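Structure first, then comments.
Please treat every number below as a calculation from the coordinates, not as lab data. A quick note: this is a predicted structure, and the numbers were derived from the prediction, not measured. No Cβ is skipped: glycine too gets one built from the backbone with ideal geometry, and neighbour counts run over all protein chains shown.
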Amino acid sequence: MTMLFSDTLRTNRAQQIINAIDAAATAGTLPIYSGGQPDKGRDVSAISPYATSTAYTAGDYVTASGHYYRADNTGTSAASAPTWPTNGTTVADNDIVWQDMGLIPVLLGTMIFSKPCGTVTDGLLTFAAITDDDEADASGTATWARALDGDGNFVIDGDCGGLGSGAFVELNTVDIVAGGPLRATSAAILEAA
């Protein structure tokens, strides 16, 4: 289905993103991660390792083989671990189907939005200056970012890329080194016409 929005609606939708990021008394944050991007707004700070003969609920995440996996249904894992795929496919484990979500997410660092965080013109949300993280927490390849309001509430996830990539957040480099700078060159969201 193709949907076309009026310029007014596009602008209002983009403005709602700004309002959500700026909702708290303090400025919002922009954590940058390596690894696979999780389901919308899901916490990835503490994913448990896979365990055999264990009850899992649909949506649970586990780690194995350097990746993380989501249970597509509720069930109990087998007495021995399956052969874990690392190519985005699924694997059956007793009565659970696990979906490969990608490499285990690692927080590389956190930048801070300006307040107000941006402006909107004709459906294009352009973020104001974003304060660098002068000392990245970990090394890795930046793949996705999460915009949070100043109270830590989820607003939006998006991809990261290098200069000119057109990603949600463009970084001076996606190859981040622990202790080095983490610097956004631009961040923008274009609401579909």
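Residue exposure proxy: 149, 7, ordered by other Cβ atoms within 10 angstrom of their Cβ from fewest to most, comes out as 7, 149. With 5 Å bins beginning at zero, the pair-distance distribution over Cα atoms of the range 55-103 amounts to 5, 27, 36, 24, 7 %. Just add up the charged neighbours of residue 74: K/R +1, D/E -1, any other residue whose Cβ is under 15 Å from the Cβ of residue 74. Charge balance near residue 74 sits at -3.
Only Cα pairs under 8 Å and 6+ residues apart enter the sum, and on that basis the relative contact order of the chain stands at 27 percent. Dividing the convex hull volume of the alpha-carbon atoms in the chain by its residue count gives 135 Å³ per residue.
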